[in-house]
Structure formats: C-alpha cells, structure tokens
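Presented below is the structure to which this report refers.
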Amino acid sequence: MSAPQGKKLIVIGDSGVGKTCIIARFTKGTFDSNSPSGSAGYTSKTVKIPELNQNLDLDIWDTVGQEKYKALTKYFYQGAKMAILVYDITIKESFESVKNYWYEDIKEHAEEDIIIAIAGNKADKYDNEEVPEHEAREFAESIGAIFRLTSAQNNSGIDELFEDLAKKYLDNQNQELKQNTIKLDRNDVAKGNKEQKNTKSCCK
C-alpha cells in the first residue's frame, strides 16, 4: 500500500503522550483513550486556509510504536515538511524528551527547513500539570516553533494546531514563489536590456 500523496507531516514524542489520539481526533473526529499506541501508521486530510484562499493536503505519519525504542529510521523523517513534537503536560519527562531527544533527532535527520510545532497534550488535565505553559512556550519560541496546548479528549486546540502548520507552510511557499517571480522579472529585464544594447550595436 503506497502512502497518500500530500505534504508529509510527522508526529513524534514519547510513548503514551497522545500522538495517535491527536491524529484520530483531527482526521476522524473521534477519541478513544484505549486505542493502542501507534495504531495509525499514516493517514491524510485536506486543511483549508480561508484567509489564503488555499488548501493543503497533509500526509500525516505516526510513529507506530517505534518511539518506545527510540528507533525511528531515516525513512520516517525523509521528505517531512512539517513535524509536531508532542508532550504530556502532566509528565515532565515527556517534555524533557521533546527538548533533549526528539528535537535533536529532527535536526539530525530531517530537512533543514522543516516546520515544527510543539503540542502540550492532555490540557484537560490542567490540575495535574507538571510542565508550566510558559516554559514550553519559551522553548518553542527559542527554536522558532509553533506552540499549542491541545486536548484530544476535549477536542481543544487540535484543528488550530494543524491549521497553524499548514498556514505557515503555505506562507513560506507563497513567499518563495514571490521571490522567484521577482528574480525572473529582473532576469527578463536584464535580458531585454542586453538584447536592446546588442541591437543598437548592430545598427551603428
């Protein structure tokens, strides 16, 4: 079975932080706290960005249990345009893993221009919080990442998380296209001036 054809988005983090639940909530609108970890593999969904009048097809990859052994292969990262690093706000260790392992793993194996988001999941369990929001937000800002608190159970912040990534990706693509267009225009002008100069030289 071949993977869906879309922009590749990977979801990574420690086992049990809710990666599969986040994906299921976003793509299917469902939540099952008893779903086996890593049961998704990959799936896809189209994100609509009204303010840009554009859509983006996302090809969303789950770790399928490999994160338990810190055994994600280079193939998993290959071609990824976006990444969501998930931690559980009630487990400090899961946030430390995001900072000290998963982010470093992305830097080593993924493309340099990959767009990153940090998701503090299980925000519905705020009373048991072990990771202060400001600490996670500061880390996200320090690496230029998007930050969202999410709850797959309450469907809080999930759509916004994926929409933020899609919008940033499309913004970057639109800016790149604009810059390339400007370069082409300048090249055309330069070429026209050169041709005009050559024509005048021939007519002397």
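Note on region 39-97: residues that are modelled with pLDDT of 90 or more, in a loop (DSSP other than H, G, I, E, B) and open to solvent by 10 Å² or more (accessible area, probe 1.4 Å) total 5.
Regarding region 172-182, can at least one residue be identified that is assigned to a helix (DSSP H, G or I) and under 13 Å from the mean Cα position of the chain (by Cα)? Yes, because at least one residue in region 172-182 is assigned to a helix (DSSP H, G or I) and under 13 Å from the mean Cα position of the chain (by Cα).
Among residues of region 144-172 that are within 18 Å of residue 27 (Cα to Cα), those with a beta-carbon under 6 Å from a residue that is in a loop (DSSP other than H, G, I, E, B) and open to solvent by 30 Å² or more (accessible area, probe 1.4 Å) at least six positions away or on a different chain give the pairs 152/31; 153/31. Return the pairs, sorted by first residue and then second, in which the second residue is of a type outside the set (Val, Ile, Thr) and in a loop (DSSP other than H, G, I, E, B), the first residue lies in region 121-132 and is touching a residue at least 24 places away in the same chain (Cβ under 8 Å), the beta carbons are less than 7 Å apart, and the residues are 6+ apart or on different chains. That search, which allows pairs on different chains as well, returns 121/18; 121/152; 122/18; 123/157; 124/153; 124/154. Screening residue 150 against (1) among the polar types (S, T, N, Q); (2) surrounded by fewer than 18 Cβ atoms within 10 Å (Cβ to Cβ); (3) under 23 Å from residue 170 (Cα atoms) leaves a single unmet condition, (2). Going residue by residue through region 110-126, is there one that turns out to be over 15 Å from the mean Cα position of the chain (by Cα), assigned to a helix (DSSP H, G or I) and surrounded by 18 or more Cβ atoms within 10 Å (Cβ to Cβ)? For region 110-126, residues over 15 Å from the mean Cα position of the chain (by Cα), assigned to a helix (DSSP H, G or I) and surrounded by 18 or more Cβ atoms within 10 Å (Cβ to Cβ): present. Picking from residues in region 127-139 that are of a type outside the set (Phe, Trp, Tyr) and closer than 15 Å to residue 97 by Cβ, the one that is most open to solvent (accessible area, probe 1.4 Å) is 130.
What residue, among those in region 91-106 that are in contact (Cβ under 8 Å) with a residue 60 or more places away in the chain and out of contact with any Leu (no Cβ under 8 Å at 6 or more places or on another chain), is farthest from residue 23 (Cα to Cα)?
It comes out as 93.
Report every pair of residues separated by at least 6 positions or lying on different chains whose Cβ atoms are under 8 Å apart, first residue within region 74-90 and under 14 Å from residue 164 (Cβ atoms) and of a type in the set (S, T, N, Q), second outside any loop (DSSP other than H, G, I, E, B) and open to solvent by 10 Å² or more (accessible area, probe 1.4 Å). Qualifying pairs under 8 Å: none.
Limited to region 7-38, what total is found for residues that are in a loop (DSSP other than H, G, I, E, B), open to solvent by less than 30 Å² (accessible area, probe 1.4 Å) and either under 21 Å from residue 167 (Cβ atoms) or at pLDDT 80 or above (or both)?
Within region 7-38, residues that are in a loop (DSSP other than H, G, I, E, B), open to solvent by less than 30 Å² (accessible area, probe 1.4 Å) and either under 21 Å from residue 167 (Cβ atoms) or at pLDDT 80 or above (or both) number 3.
Select from region 63-106 the residues that are over 15 Å from the mean Cα position of the chain (by Cα), of a type outside the set (D, E, K, R) and farther than 14 Å from residue 14 by Cβ and list them in ascending order. Within region 63-106, 64, 73, 75 qualify.
The values are calculated or read from the model by the stated rules, or taken from the named source; none is laboratory data. Note that the coordinates shown come from a computational prediction; the quantities given were computed from them, not determined experimentally. All Cβ positions, glycine included, derive from the backbone under ideal geometry; neighbour counts span all protein chains shown. The protein model used for the area step is the full one, side chains on, heavy atoms only, and it has no ligands, DNA or RNA in it. Shrake-Rupley method; radii C 1.70, N 1.55, O 1.52, S 1.80 Å.
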